[in-house]
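Shown next, in structure tokens, is the structure this report addresses.
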Amino acid sequence: MNSKVHQGHKARKRFGQNFLHDDYVIDQIVDAIYPTDDFTMVEIGPGLGALTGPVCSRIQRLNVVELDRDLAARLATHPILKDKLNIHQADAMKFDFTQLLEPGKKMKIFGNLPYNISTQLMFHLFEFAAHVQDMHFMLQKEVVNRLAAGPGSKTYGRLSVMAQYYCQVVPVLEVGPEAFQPAPKVNSAVVKLLPYEVPPFVAHDIACLSQVTADAFGKRRKTIRNSLSHLFNIEQLTELGLDPGARPEQLTLAQYVTLANALAERKE
Ligand code: SAM
């Protein structure tokens, strides 16, 4: 069989389609998700239903957001799943997830995400963090490492700071390429993201946190005295308790929030 054809569907590379087919891995992921009708359940990129099926066997209703028209249509006529699914044929990166909210319920969001858009999609999903109980995603292992990285690590970057601002990041499981069809070239991992009820550090204007992290990590090899010189001079950095000679990967989340709040105060 052509390895790109799975259940009669030809995998579309542009949609990042790598379908899970390892039942042991699927069971572990579904156990970690812990599906329940106490929450509004949402799957991004259900594809051929590798996770959708076992999740639906535990709950009554599942919202799915799938970009591929053919796959959305297949699910709409699926003999077992169709009655439990609310199918949204849409781009998850532009999707307003608040439209799925039910009174008194937070969302549990999960998916084996298309790797080509996973970082951008994470940033989009953080906007809904206040409405989310938890999220479980299969990502490139390298992206999970970046999400979980702390200061001083090579993989620590803007994604780490923004993810850890909103969520507790818990790597759950590593998955090799052979669990997918077609097999991706890279290793994968499942991560659990748990949005904080009360964030440990509060940025008064999230756009400022977004800006200082983008500007600092945009010039990763420079010291913050250089990369943030358009926002803060050396004295201001020192007054905020920061070493102007530090590089972006040395600053903690708390320090980025300090910078963001100093910037926000100035804008007021
Ligand atoms: N969940 C299935 C599985 O585990 O076998 C499929 C996973 S596959 C890696 C990614 C899925 O996301 C595909 O079904 C693809 O069509 C869908 N997809 C790609 N881009 C998307 C987007 N922007 N919004 C929603 N779904 C998307």
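The values are calculated or read from the model by the stated rules, or taken from the named source; none is laboratory data. In this text the structure is predicted, and so the values were computed from the model without any measurement. With ideal geometry, Cβ positions are generated from the backbone for all residues, glycine too; neighbour counts draw on all protein chains shown. Note: accessible area is taken over every heavy atom of the protein model, side chains too, but ligands, DNA and RNA are not part of it. Shrake-Rupley method; radii C 1.70, N 1.55, O 1.52, S 1.80 Å.
In table form, for the structure just shown:
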read-out	value
Conditions (1) out of contact with any Lys or Arg (no Cβ under 6 Å at 6 or more places or on another chain); (2) surrounded by 22 or more Cβ atoms within 10 Å (Cβ to Cβ): number failed by His136	(1)
Residue list for segment 90-117, restricted to those being at pLDDT 95 or above, open to solvent by 80 Å² or more (accessible area, probe 1.4 Å) and within 13 Å of the ligand (Cβ to nearest atom)	Lys94
Of all residues in segment 74-89 being assigned to a helix (DSSP H, G or I) and within 12 Å of the ligand (Cβ to nearest atom), the one that is farthest from Phe123 (Cα to Cα)	Arg74
Lone unmet requirement of (1) in a loop (DSSP other than H, G, I, E, B); (2) touching a residue at least 40 places away in the same chain (Cβ under 8 Å); (3) closer than 30 Å to Ala183 by Cβ for Gly111	(1)
Pair list, Cβ < 8 Å and 6+ apart or interchain, from segment 146-175 residues that are in contact (Cβ under 8 Å) with a residue 60 or more places away in the chain to residues that are hydroxyl-bearing (Ser, Thr, Tyr) and open to solvent by 10 Å² or more (accessible area, probe 1.4 Å)	Pro151/Thr252
Leading residue by the ranking (nearest to the ligand (Cβ to nearest atom)) among those in segment 40-53 that are hydrophobic (A, V, I, L, M, F, W, C) and farther than 20 Å from Met122 by Cβ	Ala50
Any pair with Cβ under 9 angstrom, 6 or more apart, that starts in segment 9-25 at a residue that is within 18 Å of Ile44 (Cα to Cα) and near the ligand (Cβ under 8 Å from one of its atoms) and ends at one that is of a type in the set (Asp, Glu) and open to solvent by 20 Å² or more (accessible area, probe 1.4 Å)	Arg12/Asp70
